[in-house]
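Accompanying notes for the structure given below.
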Amino acid sequence: MSTGPMSSAPAAPAPARAREDRRPGDWLVRAGAVCFLVGAVATLATVTPLFLGADPLPTAAYLTSMLMPVGFALGLAGLVRSARRRPPRG
């Protein structure tokens, strides 16, 4: 019986992320990623009818695509906040 990667032993659960390991800007980065993805999908949805020759979508769809740069800005703000709060090395 082999004990290699294909063994039938149950895998240990991944350790939960410690609260000390979380940085102050993590939630901003996650919110930015969600906003960016929603905006990217909305951008694809608004551009597709233009290429297919169909009727354009309503204005609300175009306004939803503006979440893409908002998400990008939120992500950058989270990265800056995490970098500023990091304790000095050494």
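I need the full set of residues from segment 71-90 which are at pLDDT 90 or above and part of a loop (DSSP other than H, G, I, E, B), in order please.
Hits for segment 71-90: nothing passes.
If you go through segment 16-24 one residue at a time, do you hit one that is modelled with pLDDT under 85, in contact with a helix residue (DSSP H, G or I) (Cβ under 7 Å, 6 or more places away or on another chain) and surrounded by 10 or more Cβ atoms within 10 Å (Cβ to Cβ)?
There is at least one residue in segment 16-24 that is modelled with pLDDT under 85, in contact with a helix residue (DSSP H, G or I) (Cβ under 7 Å, 6 or more places away or on another chain) and surrounded by 10 or more Cβ atoms within 10 Å (Cβ to Cβ).
Quick check on my filter: what residues within segment 49-70 are surrounded by 12 or more Cβ atoms within 10 Å (Cβ to Cβ), in a loop (DSSP other than H, G, I, E, B) and without any contact (Cβ under 8 Å) to a residue 24 or more places away in the chain?
Once the filter is applied, which keeps residues that are surrounded by 12 or more Cβ atoms within 10 Å (Cβ to Cβ), in a loop (DSSP other than H, G, I, E, B) and without any contact (Cβ under 8 Å) to a residue 24 or more places away in the chain, segment 49-70 yields only 57.
The values are calculated or read from the model by the stated rules, or taken from the named source; none is laboratory data. Being a predicted model, the structure only gives us computed values, none of them experimental. So basically every Cβ, Gly included, is an ideal-geometry build from the backbone, and we count neighbours across all protein chains shown.
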